[in-house]
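Step one of this worksheet: look at the structure below.
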Amino acid sequence: MPAGEFRPVGPVVVLTAIGLEYEAVRAHLVAPRRTVHEETWFEEGEVTGAERRVVLGEVGAGNVRTAAFTERVRARFAPRAIIFVGVAGSLKPDVRLGDVVVADKVYAYDGSKHVPDAEFARPAAWEPAHGLVQAAKHSLRGSAWTERVRPGLFRPDRRPEVHIKPIAAGETVLNSMNSWLRERLTTVFNDAVAVEMESAGLATAGVFGKVDVLTIRGISDGADGDKGPADAGGSQHIAAAHAAAAAMTVIAALPGDDSGGSATEREPGPHGSSTEIPPRLRQINRADRKGVVNAVQHGNQTINYGSQATDR
């Protein structure tokens, strides 16, 4: 692309921790094709029913791995957003198996200071990009998003609900109602409704890489001692399918066009009219001859001569 012109915004990257989460997302991509970057494998495709480019990768479990992986995809794909999709354990009785949680805050619960007779919590917390949360709130209202769930992957007793609430992330698999970790989450992180192992790493990398991130999780167990029977009953597959359907709905609803096509947003105008907003584009500036800078913005070219170097 010539310097001084605009470049389309990058894809949405979707990351998962384990294979069944990966397959749940992949089922929504049209003609996925393999991309290998420095021995890391990805698949690229478009969201079913939307011209939205998605890059999919499988990270493995844990916040540290997720942070490193997130930085790698940021550097390789320059994404408009990175969304982590997977399963989680519930911390609240009204957040039930099969429900979807979109994290409007992420806690890293592991930080603490230990002294001889006490432990003092030193948590970290992040809020995701406002625009991504807004897209989730509006696109996941009602039950229309569940049309993306593949047949047979609903719980037989109820339709899933969406909760836009905080999530706690650490390095421990919680499967007890009576453990020290459960007590800590209840007393220190009381507004967290689910627990998992990757979102703190995602959020950290998002801050350092200046990229928008979001976590979407399906509830696969109650983190209550019954994880084994729940998983054996297929709850992970159902939770992953619900999370993937919700994530694809959010991605399809994102404003703008990252494919370089002619799609536009529309902004409300006076008396019910609307004004088209051109697709979001990235500005490219170029230095040219003796300090001259050419830039194009909103169709206008700007030339800034700046300080002039002398010829020798």
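The values are calculated or read from the model by the stated rules, or taken from the named source; none is laboratory data. Everything numeric in this text was worked out from a predicted model, so none of it was measured. We place every Cβ from the backbone using ideal geometry, glycine too, and count neighbours over all the protein chains shown.
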Practice prompt. Please go through the stretch 171-195 and pick out each residue that is aromatic (Phe, Trp, Tyr) and modelled with pLDDT of 90 or more.
Written response: Phe189
Fill in: Set Glu161, Glu198: member being crowded, with 20+ Cβ neighbours inside 10 Å and at pLDDT 95 or above
Glu198
Worksheet entry | Unique match (being part of a loop (DSSP other than H, G, I, E, B), under 19 Å from Val102 (Cα atoms) and among the β-branched types (Val, Ile, Thr)) among Val211, Val173, Val195 | Val211
Response to the item:
If you go through Ala31, Ala75, Ala67, Ala3, the only one that is of a type in the set (Gly, Ala, Ser) and modelled with pLDDT of 95 or more is Ala67
Response to the item:
How many residues of the stretch 49-69 are part of a helix (DSSP H, G or I), β-branched (Val, Ile, Thr) and crowded, with 22+ Cβ neighbours inside 10 Å? The answer is 1
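Results for (1) under 14 Å from the mean Cα position of the chain (by Cα); (2) under 28 Å from Phe154 (Cβ atoms); (3) surrounded by 15 or more Cβ atoms within 10 Å (Cβ to Cβ), shown as yes or no for each residue.
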position: Val14; (1), (2), (3): yes, yes, yes
position: Leu20; (1), (2), (3): no, yes, yes
position: Leu29; (1), (2), (3): no, yes, yes
position: Val47; (1), (2), (3): no, yes, yes
position: Glu71; (1), (2), (3): yes, no, yes
position: Pro79; (1), (2), (3): yes, no, yes
position: Val95; (1), (2), (3): no, yes, yes
